[in-house]
Amino acid sequence: MAIISLKNKVSDASHVLVITEKFVSEFNLPDKVNNYIAEEFKQKDKKTLTYNYIGKYISIIIIDPKKEANALNEQLRKHGAGVADGLNAHKAKEVYIYNQTKLPLLSLVAAEGIALSNYQFIPHKTKDKNENELMSIFITNSKINAKLVDELNAVCEATTLARNLVNEPVNILNAVALSDAFKKMGKEAGFKVEVYKKEKITQLKMGGILAVNAGSVDEPTFSIMEYKPANAKNKKPYVLVGKGVVYDTGGLSLKPTANSMDMMKCDMAGAAAVGCAMYAIAKAKLNVHVIALVPATDNRPGFNAFAPGDIITMMDGSTVEMLNSDAEGRMILADALHFAKRYTPELTIDVATLTGAAAAAIGSFGIVGMGTAKEKHKERLQQSGLRVHERIAEFPFWEEYGDLMKSDIADQKNLGGAFGGAITAGKFLEKFTDYPYYHLDIAGPAFITAKDSYRTKGGTGVGVRLFFDLFKHL
């Protein structure tokens, strides 16, 4: 799908989204239609209207320009999502956005809602695809900088790529295939990708990755992605770390809950987020030096699978008493966080579908966050989360939670107590850092079982838009 900016109006457009404070017809409609629309908007609290008239599809939204900016943007995204659904029902191929307000950037967020809602994952359907025909979004009479339109195209494309990766099953997307996908994105967008395979991972003594991979027939990978423009704003790189468990059975601690494995192809949503964020950052040529690290494997109960009670020696030389093999994400992330030390980062952010506790705490409405990052970095993350509506609920990061991870026979154990599970996981990971660090748990919003406006069913691509916005606003 392409978002295109036009300098002129197109008065004969058949499919139109109008953003206005007070509707003024520009579409050659008969007087009786204009009168009908005017009468409809006289109703109290009537703010939206969709009208079909002899081949024309016009959706009007009346906005309050005094509404809080982030809330207004989200309102426009959601309205755009509804327009996309209506247009696809009419087999429309394009839509024109008319903005009659003095807030031109509202056209961009409406276009974003349309584009993201238009997503489908149907590559494996051989018949009855019912494929969406909507292909083009035209922003008319636009005073919007062309660079902003290019950036929006890049981030929507990257979010689509992330959704595709999350939605692919493990028999198609194993750890090697995931790293190959990153290589392809690197070539297309212009960032470096290096992939370590099992031999190199073994040489580096990445014990966490090797332990989780011990039950699998497929090899693990460790992907290193780097985008470093000549005019980067930051002297020290930002490092993103994404959990890449391409499928999680729970290992020998087999997931006990009914149907709990059905969605576990999504356990690499953090990996998809960081890799596809790199794609958008490079495509848009943002002036920031960013590195992304992805440890990847599946977690199976076969072969020499690591067992509860095992002592694992990690890459940093510390030991972990493995009490539950379903707490595997922190094991592979720990090695990646230690690896990140070599870059002396300005900030490292990991993103992972890490704990059911995070999802239980806030559902799919946001991201659980915590860490040792500087306040300015936390504030920037919060602001980006509000701007793209991938909000971050910051949890406490008190030392007492770290005490719950102490082991009698090793340096740490990989499981805390019955309470605060999202936080104890974060405290476990903190032990492998010596730099400003922030942990994002996306277990709730990464994969949803029903369409939620522009967040389509299945993989949502959460994290891509958040990271892009963060680095864009540095």
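Here is the link list: Lys9/Lys228; Lys233/Lys341; Lys198/Lys413. Which ones come out longer than 31 Å on Cα distance? Walk me through the numbers before you get to the answer.
Values: Lys9/Lys228 40 Å; Lys233/Lys341 20 Å; Lys198/Lys413 25 Å.
Cα-Cα > 31 Å for Lys9/Lys228; rest within.
Could you work out how far the C-alpha centroid of region 125-167 sits from that of region 380-422, in angstrom?
After rounding, the separation between the Cα centres reads 34 Å.
Compute, for region 2-144, the length of the dipole vector about the Cα centre, with Cβ point charges of +1 (Lys, Arg) and -1 (Asp, Glu) only. Units Debye, rounded to 20. Could you put the intermediate results ahead of the total?
Details: 20 positive and 16 negative charges, 21 e Å.
Charge dipole of region 2-144: 100 debye, to the nearest 20.
Using +1 on the beta carbon of Lys and Arg, -1 on that of Asp and Glu, and nothing else charged, what's the dipole of the chain about the Cα centre, debye to 20? Walk me through the numbers on the way to the answer.
Details: 58 positive and 53 negative charges, 317 e Å.
Charge dipole of the chain: 1520 debye, to the nearest 20.
With a bin width of 5 angstrom, please list the P(r) values of region 286-345 as percents of all Cα-Cα pairs, from the 0 bin to the one holding the largest distance.
Cα pair-distance distribution for region 286-345, in percent: 4, 15, 23, 23, 15, 9, 6, 4, 2, 0.
Sort His377, His473 so that the residue with the fewest other Cβ atoms within 10 Å of its own Cβ comes first and the one with the most comes last. Provide the component values of the computation, followed by the final result.
Details: His377 19, His473 11.
Ranking His377, His473 by Cβ neighbours within 10 Å, fewest first, gives His473, His377.
Would you mind telling me the antiparallel percentage of the DSSP bridges in region 210-310, rounded to 5?
Values: 7 of 15 bridges.
Roughly 45 percent of the DSSP beta bridges within region 210-310 come out antiparallel.
Reachable lysines from Lys78, Cα under 19 Å, same-chain residues fewer than 8 places away excluded?
Correct list for Lys78: Lys46, Lys47, Lys66, Lys67, Lys451, Lys457.
Mean separation of Cα pairs under 8 Å and 6+ residues apart, divided by the residue count of region 158-289: what relative contact order is that in percent? Kindly include the intermediate steps, with their values, before the conclusion.
Values: 177 pairs, mean separation 48.9, N = 132.
It rounds to 37 percent for region 158-289.
With unit charges on the beta carbons (Lys and Arg positive, Asp and Glu negative) and the dipole taken about the Cα centre of region 181-275, which residue among Ile209, Met185, Met261 sits farthest to the positive side?
Met185
Determine the percent antiparallel among the DSSP beta bridges restricted to region 153-472, to the nearest 5. Could the numbers behind the result be given before it?
On the way: 23 of 46 bridges.
That works out to approximately 50 percent antiparallel.
Looking at the P(r) of the chain, how many percent of alpha-carbon pairs lie beyond 42 Å? Don't jump to the answer; show the numbers that get you there.
Working: 23008 of 112101 pairs.
Cα-Cα pairs in the chain separated by more than 42 Å: 21 percent.
Using only Cα atoms, what Kirkwood radius does region 304-457 have, in angstroms?
Numbers: mean 1/r = 0.0617 Å⁻¹.
Averaging 1/r across every pair of different Cα atoms and inverting gives 16.2 Å.
I'd like to verify something in the chain: which complete DSSP H helices, judged by Cα projection on the helix axis, reach 24 Å or more and average at least -1.0 on the Kyte-Doolittle scale? Display every interim value, and only then the final one.
Details: long enough: 69-89 (30 Å, -0.44); 146-167 (32 Å, 0.30).
Sorted by number, the helices that extend far enough and score high enough are 69-89, 146-167.
Working out 0.36 nm times the residue gap between Phe303 and Thr344, then minus their Cα-Cα distance, what length gain in nm do you get to one decimal? Spell out each step's value before the answer.
Values: separation 41, 0.36 × 41 = 14.76 nm, distance 3.75 nm.
Full extension from Phe303 to Thr344 adds 11.0 nm.
Select from Ile312, Ala38, Tyr435 the residue farthest towards the positive end of the dipole of the chain; place +1 on Cβ of Lys and Arg, -1 on Cβ of Asp and Glu, and compute about the Cα centre.
Of the listed residues, the answer is Ala38.
Only bridges with both residues in region 1-92 count here: give the DSSP antiparallel percent, nearest 5. Kindly include the intermediate steps, with their values, before the conclusion.
Values: 6 of 12 bridges.
Among the beta bridges of region 1-92, antiparallel pairing accounts for roughly 50 percent.
Considering only Met405, Gly302, Ser117, whose Cα is most displaced toward the positive end of the charge dipole of the chain, charges sitting on Cβ of Lys, Arg (+1) and Asp, Glu (-1)?
Highest projection toward the positive end goes to Ser117.
I want to check the label-to-label distance for Ala360 and Thr449. Put each point 7 Å from Cα in the C-beta direction and report it in nm to one decimal.
So the two model labels end up 1.7 nm from each other.
Restricting to Cα pairs below 8 Å that are 6+ residues apart, what does the relative contact order work out to for the chain? Please round to a whole percent. Could the numbers behind the result be given before it?
Working: 1066 pairs, mean separation 76.6, N = 474.
This gives 16 percent for the chain.
If you average 1/r over all unlike Cα pairs in region 1-92 and invert the result, what Kirkwood radius do you get in angstrom?
14.4 Å
Would you mind ranking Thr257, Thr456, Thr202 so that the residue whose beta carbon has the fewest other beta carbons within 10 Å leads the list? Before the final figure, lay out the partial values.
Numbers: Thr257 8, Thr456 22, Thr202 14.
Lowest count first: Thr257, Thr202, Thr456.
With +1 on each Lys and Arg Cβ and -1 on each Asp and Glu Cβ, and nothing else charged, work out how big the dipole of region 368-422 is about its Cα centre, in Debye to the nearest 20. Walk me through the numbers before you get to the answer.
On the way: 8 positive and 9 negative charges, 79 e Å.
Approximately 380 debye in magnitude.
Applying 1/(1 + (r/R0)^6) with R0 = 35 Å to the Cβ-Cβ distance of Glu133 and Gln383, what FRET efficiency is obtained, to the nearest 0.05? Intermediate results must be reported in sequence, preceding the final value.
On the way: r = 37 Å, r/R0 = 1.06.
After rounding to 0.05, the efficiency reads 0.40.
Taken together, the values in this text are just the output of simple stated rules run on the coordinates, not laboratory data. Quick caveat: nothing in here was measured; it's all calculated off a predicted structure. Note: ideal-geometry Cβ built from the backbone for every residue, glycine included; neighbour counts use all protein chains shown.
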